[in-house]
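In what follows, a structure is listed as structure tokens, so that the remarks can point back to it.
Where a number appears in this text, it was derived from the coordinates with a stated rule and is not lab data. Every value quoted in this text rests on a predicted model; they were computed, and no experiment measured them. Here the Cβ positions follow ideal geometry from the backbone for every residue, glycine too, while neighbour counts run over all protein chains shown.
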């Protein structure tokens, strides 16, 4: 046991070298840990600040949206610019009644045999299939 | 006597520990015996080891604290909530009020290089600040506050000027993004964050405590509020009253779904409004409601057994009660059934019914539905009614058709709810009630009475004075009301100044568990228009607006139209009796 204190390496006692090494390691470790933690905390603080700023921006945007979408303004715009008005009772319809108001399917056009009929104008054929296509 | 010493053998663990300590204590002696210089080295080594161990423990603790401590606030300190007062939202989450960041501008004249240039630049961005005030701040002896409530855009504009001597401080402000919409209900808070009116005042504590934890949801539905305001404003434009009120409630839960008072104001600038504009006529004003009170008299008559649906009342001649004679506004001059008394709004029939009811029963029922005290609602503005000092026969006759008693529109709404929701008096609330909640109340009328009143109210729209409130397929029921106002100048009731109203309920069809809604439109001193043939009674000025409101809000409330024709109902046309 005592012999440990006498052992030397290149003139220095090993126990001193080991102690110094331990001390340096510990100091360096604590320094690195604190530095790492400080950077992390700074990053966290920066992200939190960013979140707060974004949250503020979101609140501002929400307030702006609420202001722009306020019913009085929407109604004034819709009636003034678009000529819209509240729907009447007769304009309401239940989903089950939609079928009654569905546009009837167009009658299928039966093409004449090529031998007995002149060549069909493709524009006319298009109109026959889609009668509403060229309507204004 | 000789004591005998008997050694006690300690347990093995204690003996081992004692042996270790003994060996450690004697280590120095052994070392000294071996070599004297080694003694001090051993001591030094021991002290170094002890300090090293302590240092390792502290290093581990410091590292652990640095890496894993839950200090999330960062170097800037504790994270504060974004606002001092919680947001206010409608029942669907639409924003009604919010604390938003604003900024206060400070000027330090000692750092200002060029006073005229700074003044000119600031005046261009802040036109509301008087030049005199600007000059005083720029030439004063020390740093001074110039203006608060700057928006982030204004702050950026000023900051971008790059002028020395200008600095900003945070200045949170309450903002009401909807402006005048629901202004009286929402109320307003001062710059210090204290609620001064409306919900802001009523829920002040809750709003403060809920800051940063989500909003406070109110009972109103913004869509319903908008439709109510729009139709009320159209009626106001047509009949130019002194004031007007609109209320929509859910009569089962007591929730106020819409409430408006005209004239209104912008809660962002309450100081710019007059007292008349800030007055919440729905809660803080009382009116002699007139014939809308006949619904209570008829309900009391039915509930107390004084009358039934087959009862008749002789309205052929004016009715003398004590020193006064009661007339009908437009006399039917015939014997009326109970429903006809309601449809013709007969004062004579109602007074005769009230006489049978008697003062005690009448006052008890009125108290039961809340007509003798401020409306039960969270709003602190809720006005105290003016009630008869003594409930005698004369008072009973007067109050039976809405004279001699002044109540607020909210009190009237709550009382109608008790008549029509199955007979239970439920307090009104401006706080959202969770769907499916069973609201507790006090039973005042029987469910049978309530069901009969729904029938009578409906009959008044299909064949009575409330015809113009009919909305297709929504089985609207209602009662008109026209109260003459007391005129101090003539020390009597005015024949030209009236309070005209319409109290409506829909749908009247369906069982007791159907969700029903109450709508009140009230005009204070309306003026007749060409369309109303000179009339400004409730049936002419308030009932049409109520009908339009119902027509618009029914789809929003999920009330489906039933357009199948009914044999029992005749098509509603013009008011049958000039709409008293």
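Here are the numbers for the structure shown:
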| quantity | calculated |
| --- | --- |
| Rounded to 10°, Cα long-axis angle of helix B:294-304 versus longest principal axis of chain B | 90 degrees |
| Ranking of B:535, B:106 by count of other Cβ atoms within 10 Å, fewest first | B:106, B:535 |
| Approximate spin-label separation residue B:136-residue A:101, in nm, with each point projected 7 Å along Cα-to-Cβ | 6.5 nm |
| Cα long-axis angle, helix B:12-25 against chain B (0 to 90 degrees, to the nearest 10) | 50 degrees |
| Fewest-first ranking of B:48, B:309, using other Cβ atoms within 10 Å as the exposure measure | B:309, B:48 |
| Shielding by partners - mean other protein chain Cβ count within 10 Å, residues of A:50-60 | 3 |
| Most to least packed among B:367-377, B:166-176 [average Cβ atoms within 10 Å] | B:367-377, B:166-176 |
| Whether the protein assembly as shown is rounded, prolate or oblate, judged on the alpha carbon gyration tensor where a/c under 1.5 counts as rounded | prolate |
| Within segment A:1-32, backbone nitrogen closer than 19 Å to the virtual label 7 Å beyond the Cα of residue B:23 toward Cβ | A:1-5 |
| Set of segment B:232-246 residues, backbone N closer than 20 Å to the point 7 Å along the Cα-Cβ line of residue A:91 | B:232-235 |
| Global geometry of segment B:225-557, whether rounded, prolate or oblate, following the gyration tensor of its Cα atoms and the 1.5 cut on a/c | rounded |
| On Cα atoms only, tilt of B:36-68 relative to the major axis of chain B in degrees | 20 degrees |
| Per-peptide average of other Cβ atoms within 10 Å, ordering B:213-220, B:182-189, B:49-56, B:507-514 highest first | B:182-189, B:213-220, B:507-514, B:49-56 |
| Simple label model, 7 Å out from Cα along Cβ direction - residue B:509 to residue B:157, nm | 5.8 nm |
| Part-to-part distance (alpha-carbon centres) for segment B:388-455 and segment B:202-269, which is given in Å | 21 Å |
| Order of B:240, B:449 under a 10 Å beta carbon neighbour criterion, fewest first | B:240, B:449 |
| Average beta carbon contacts from partner chains per residue of A:87-100, 10 Å cutoff | 2 |
| Estimated distance in nm for a label pair at residue A:84 and residue B:266, the labels positioned 7 Å out from Cα along Cα-to-Cβ | 2.5 nm |
| Distance from segment B:91-147 to segment A:53-102 (C-alpha centre basis), Å | 38 Å |
| Zone of residue A:55's modelled label, taken as backbone nitrogen in segment B:210-248 under 11 Å from a point 7 Å along Cα→Cβ | B:212-214 |
| Global geometry of segment A:2-102, whether rounded, prolate or oblate, following the gyration tensor of its Cα atoms and the 1.5 cut on a/c | prolate |
| Residue mean of other protein chain beta carbons inside 10 Å, B:431-442 | 0 |
| Rounded FRET efficiency, nearest 0.05, which uses the C-beta distance separating residue A:9 from residue B:437 and R0 of 56 Å | 0.10 |
